[in-house]
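Asker: Let me begin by handing over the structure; questions about it come next.
We did not get these values from a lab; they are worked out from the coordinates using the rules stated. Computed from a prediction, not measured in an experiment: that's the story for all the values here. Here the Cβ positions follow ideal geometry from the backbone for every residue, glycine too, while neighbour counts run over all protein chains shown.
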Amino acid sequence: NFNQDQFEAKLVNAIRLTSQADVRPSILLSGGLDSSAIAAVLGSNDNKAFDTFSCFFKDASKKIDFQSHNLLTVGNLNETDLAKSVSKIFSLSYEDFELDYRIDLDEFSKLQYALGEPIAVTNALGLYLFGKKLKGKTKLSLSGTGSDELLGGYQDLYFKSGFEDYTIRKPEDFINGLSDY
């Protein structure tokens, strides 16, 4: 059984414990629910000020036309306006960076080395390039990455009609979805 108060208490506790460090933590802020929840918890903490950082890929659109884009490939979206507004609400400093997704073989090899394994997640390149931009600005960053999976936020990605019929997508649906990458 889901208990909202218990969930909120555990979420706040997890965020506060994760942010404890001997260096000033920062937040990788997208403006979405997950990173905004982290900003809300840490932004309400009067003892510390937190820097927030966001990024976008070169040539990314600030608006998405869902008629011409697949759900798997809305990564071309620039959400920095959302991130900036969240940082303002909680009076947190904000900085964003433009990332160039075009990398050469040498940079790709460095990415593979940093991961220690073949690329297994779709945001690996973005996080790697973002991390390079953050070098010298922060040593500890909190991110909402992974909480969509935990909280079931990807039902439209994995299920054709949401949770009501549990129709699993076929592998070719995913392959076709990557066609505009």
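Asker: Of the peptides 131-139, 79-87, how do they stack up when ordered by the mean number of other Cβ atoms within 10 Å, highest first?
Answerer: 79-87, 131-139
Asker: Sorted by mean Cβ packing within 10 Å, highest first, what order do the peptides 50-56, 110-116, 4-10 take?
Answerer: Ranked by mean Cβ neighbours within 10 Å, highest first: 50-56, 110-116, 4-10.
Asker: Beta carbons within 10 angstrom, averaged per residue: use that to sort the peptides 29-36, 15-22, highest first.
Answerer: Going from most to least packed, we get 29-36, 15-22.
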